[in-house]
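**Q** Next up is a structure, given as structure tokens.
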Amino acid sequence: MKNIAVIGAGTMGNGIAHVFAQNNYNVNLIDISQEALDKGLATITSNLDRLVAKEHITGEIKTQTLQNLSTFTSITDGVKNVDLVIEAATENVDIKLKIFKQLDEVTSLNTILASNTSSISITKIAAVTNRPDKVIGMHFMNPVPIMKLVEIIRGYNTSNEVTKTIMALSENLQKVPVEVNDYPGFVANRILMPMLNEAIETLYNGVAGVYEIDTVMKLGMAHPMGPLQLADFIGLDVCLSILNVMYDGFKNPKYAPCPLLVNMVQAGKLGIKSGEGFYDYSESKKAEKITKQFQ
């Protein structure tokens, strides 16, 4: 397995492409937007420069990594002769199903199709293809070049052979793969999202403020980042989407999104990506200034 295609040049997609390219895989980065591709390549270059400055990699590795990357605005052109496609598009089930249906039609029958979804059923995604045994989840963590974990999600029909191949591939990327079964939220988000939602509920019910909630979890539980800051980092829209998938999947009220989270997403307050969430990022990308309504 040497030739990889990554669909989506956003935060997760460019991070995944970066990691594969740095580990000497030929990577086709695909996005319908040339602007998104240019921005993705700029991010990869900036991250490589940072690694060179910290002497984690050499200038030669940076140059080779960029040479291993090619960009495409056409899925059909970008997935020719690849061994693995990793979809890292928006966390929207309809978009993902459409992409996988197309991938099934335009890729070789031997190509493994993976999704970076953080919550959507791999079995459901696989069902729109004629190769459900070759569909698997590869849930990378953000930021991809730094975080070691990859959740490997087996769909109902994913074969043992494909699972072993993707587990070994992840280890080749210097990652730690963990195999999990296909249930809403998998492991990472099944545990994380209720905690973030409960932190938002705590704020919503006036138990404590943003600073107090995040400080308790950082200093009391040794979390590197408070739950409200983490929700901003992930994206409040992404948190809401994952909670909705879990609530729909389990029909358990403990996964119901907090009304405050719903309102903030509807108001366009999505966290770092929009410039405002529980914190105000208009002056700095660091969570240094609490949004006025929460002060």
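**Q** Residue check, Val6 against (1) assigned to a helix (DSSP H, G or I); (2) in contact (Cβ under 8 Å) with a residue 24 or more places away in the chain, all met but one. Which one?
**A** (1)
**Q** For region 148-163, does any single residue satisfy the condition of being farther than 16 Å from Phe20 by Cβ, assigned to a loop (DSSP other than H, G, I, E, B) and in contact with a strand residue (DSSP E or B) (Cβ under 6 Å, 6 or more places away or on another chain)?
**A** Yes, because at least one residue in region 148-163 is farther than 16 Å from Phe20 by Cβ, assigned to a loop (DSSP other than H, G, I, E, B) and in contact with a strand residue (DSSP E or B) (Cβ under 6 Å, 6 or more places away or on another chain).
**Q** Taking region 135-176 only, how many residues are more than 20 Å from Tyr25 (Cα to Cα) and more than 20 Å from the chain's Cα centre (by Cα)?
**A** Result for region 135-176: 6.
**Q** Give the residues of region 43-100 that are among the β-branched types (Val, Ile, Thr), outside any helix (DSSP H, G or I) and in contact with a strand residue (DSSP E or B) (Cβ under 9 Å, 6 or more places away or on another chain), sorted by residue number.
**A** Selection gives Thr71, Thr73, Val79, Val82, Val85, Ile86.
**Q** Now, a different point. I'm told Ile61 meets every condition in (1) aliphatic (A, V, I, L, M); (2) touching a helix residue (DSSP H, G or I) at 6+ places or on another chain (Cβ under 6 Å); (3) touching a residue at least 12 places away in the same chain (Cβ under 8 Å) except one. Can you identify the failing condition by its number?
**A** Of the numbered conditions (1) aliphatic (A, V, I, L, M); (2) touching a helix residue (DSSP H, G or I) at 6+ places or on another chain (Cβ under 6 Å); (3) touching a residue at least 12 places away in the same chain (Cβ under 8 Å), the odd one out for Ile61 is (2).
**Q** Has region 233-244 got at least one residue that is at pLDDT 95 or above and outside any helix (DSSP H, G or I)?
**A** Within region 233-244, one or more residues are at pLDDT 95 or above and outside any helix (DSSP H, G or I).
**Q** Here's a check for you: in region 15-47, which residue that is free of Cβ contacts under 8 Å to residues at least 24 places away in the same chain and closer than 18 Å to Thr58 by Cα is surrounded by the most Cβ atoms within 10 Å (Cβ to Cβ)?
**A** Only one residue fits best here, namely Thr45.
**Q** Which residue, of Lys254, Lys218, is part of a helix (DSSP H, G or I) and surrounded by fewer than 15 Cβ atoms within 10 Å (Cβ to Cβ)? Show your work before the answer.
**A** Numbers: Lys218 fails: surrounded by fewer than 15 Cβ atoms within 10 Å (Cβ to Cβ).
Within the list Lys254, Lys218, the selection yields Lys254.
The values are calculated or read from the model by the stated rules, or taken from the named source; none is laboratory data. None of these values were measured; they are calculated from a predicted model. Using ideal geometry, Cβ is built from the backbone for each residue, glycine included, and neighbour counts are taken over all protein chains shown.
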